[in-house]
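Worksheet: one structure, shown below.
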Amino acid sequence: MNDRPCFMGIDIGTGSAKGVITDSTGTVLASSSLPHNVDSPHPGWYEQDADGVWWHAVKVLSGRLIQDLPSGYAIRALCCSAIAPCVLPVDRQGTPLRPGILYGIDTRAHKEIEELTEGIGAQQIFDMTGQQLSSQSCCPKILWIARNEPQVYEKTHKMLTATGYVNFRLTGRYTVDIYDGIGYAPLFNIHTRKWDPTYEQQVCPVDLLPELLWSSSVCGYVHAQAAEETGLPQGIPVMGGTADAAAESLAAGVTEVGDMMMMYGSSNFFIMRTHQLRPAASFWAAHFMQEPQTVLTGGMATVGSLFKWFSETFPGRSFAEWEELARSSQPGANGITILPYFAGERTPLFDPDAKGVIFGLSLRTTPGDIYQGLLEAVGFGIRHNLEVLHQQGEDAKRIIAIGGGSSSASLMQCVSNITGCVQQVPKQKLGACYGDAFLAAAGSGYAERMGGIEQWVDIAAEYVPDPALKQRYDKTYSRFRTLYESTKDLL
């Protein structure tokens, strides 16, 4: 027992899974990744095989990480995160009865969303759950299974999330963390943090739902069969875990009120620690990883996908070349204003019918102006979210930027200039699995709970806003906001 303690974190994303082992100071001892696929059997349906993708990833990554672990270390705890919210029905033996239905990208339950909203009432749902039903919600998808796959529903013992299924395979216990619990509106009461049977007649009995616990709590211990399949030590604790985005925010160093993770991927997603639970129609409110932490979350529908569309529509230049052309433009993009709603918009508009607009074109417009306009459109969309957060009584004091877009100095500086906010980019790029490793260390008592992640996170770059450019952007931001209001009825 003289081996030094280390901790494993595994995150299962939409297109790949990542794993890491760290010591108690956050030093990476081993890491690995594994790509996988998403199935789409019908338009608007997105599924993954719980055993063939989720559990397979845990087995493969565990084996690789253990093989690569330097001698003299012993794994003391494990934590997993995964895409969320997902719906997976299992029978009394815990065997999946169908592929897992994925999060908001799966839109099969649109009729059930409308019926539940109309039958219960949008305000009643919001009062209990702090949100409105959407394609992110689990309960409409559970109702869809009951109606369209009755033979599956009749055999269902529990409805699990992706993280919940992995934890079941490891420990034999059915659980879901409280942060993921918000995905079960209208059966999750955000005020009591418990399942609420008020509307179970409209959805399903709350007995079908797993046990609620905090992300940093121990949900069980690796049993013999799981140890045999994964190579993990039998009996080590497994933390409750959480959604991938929440684990990613922890890996970025979000620990204090006012800290905000700003993820720049194909879309944009942010998580900001708040003073108190603050349900807001413009965002998603949630309890976080341990009491009394609370957050507001939201994001834009398109960020990286905007630039991907642009480069594919106007091929022939690399992103670096486009950014160089943008530098030949100027702040304000020579009169070009772009609405980035190429796939509708999430927060704070919640307008799935919104469309992209390129406004202000003239014979003097250059390709660099349009690319500069795209950079600014992202900044304006983020500023809009920050302003509405301010109206709700919450301000971002520190923004930690992560994701592929954070590697673009042009985009980072543009967003900071537009919003007036400093952005920090962490050195560590492993993402959610790194946050999982910390949860494993904190939950097993080897690291300070939550606050200790600051000692793990080093900042690689910082972008400070230019006050003169901020003042200049105030005018173009006003045009951005007016443009949406004056065109939304046309779109």
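A few notes on this one:
- Tally of residues being part of a helix (DSSP H, G or I) and either at pLDDT below 90 or more than 21 Å from SER217 (Cα to Cα) (or both) across segment 427-461: 5
- SER62 satisfies every condition listed in (1) under 24 Å from ALA251 (Cα atoms); (2) surrounded by fewer than 18 Cβ atoms within 10 Å (Cβ to Cβ); (3) among the hydroxyl-bearing types (Ser, Thr, Tyr) except (2).
- If the condition is being part of a loop (DSSP other than H, G, I, E, B) and within 21 Å of SER137 (Cβ to Cβ), then segment 206-239 contributes LEU209, PRO210, SER215.
- Residue in segment 216-228 that is in the same structural domain as PRO89 (by TED's automatic domain parsing), within 30 Å of GLN124 (Cα to Cα) and of a type in the set (Ser, Thr, Tyr) present: no
- Unmet criterion (only one of (1) farther than 17 Å from SER486 by Cβ; (2) at pLDDT 95 or above; (3) crowded, with 16+ Cβ neighbours inside 10 Å) for PHE380: (1)
- Residues of segment 349-370 that are at pLDDT below 95, in a loop (DSSP other than H, G, I, E, B) and either touching a Gly at 6+ places or on another chain (Cβ under 7 Å) or not assigned by TED's automatic domain parsing to the domain that holds TYR484 (or both): PRO352, ASP353, ALA354.
- Odd one out for ALA251, checked against (1) buried (at least 19 other Cβ atoms within 10 Å of the Cβ); (2) more than 30 Å from GLY379 (Cβ to Cβ): (2)
- Any hit, segment 332-339, residues being in a loop (DSSP other than H, G, I, E, B), assigned by TED's automatic domain parsing to the domain that holds ALA468 and of a type in the set (A, V, I, L, M): yes
- Selection status of THR255, part of a loop (DSSP other than H, G, I, E, B), modelled with pLDDT under 90 and polar (S, T, N, Q): yes
- Here is the figure for segment 1-51: residues that are within 17 Å of ALA162 (Cα to Cα), touching a Lys or Arg at 6+ places or on another chain (Cβ under 6 Å) and modelled with pLDDT of 95 or more total 1.
- Matching residues, segment 146-205, being in a loop (DSSP other than H, G, I, E, B), more than 27 Å from ARG278 (Cα to Cα) and basic (Lys, Arg): ARG173
The values are calculated or read from the model by the stated rules, or taken from the named source; none is laboratory data. Owing to the predicted nature of the structure, the values given are computational and were not obtained by experimental measurement. Glycine also receives a Cβ, built like all others from the backbone with ideal geometry; neighbour counts cover every protein chain displayed.
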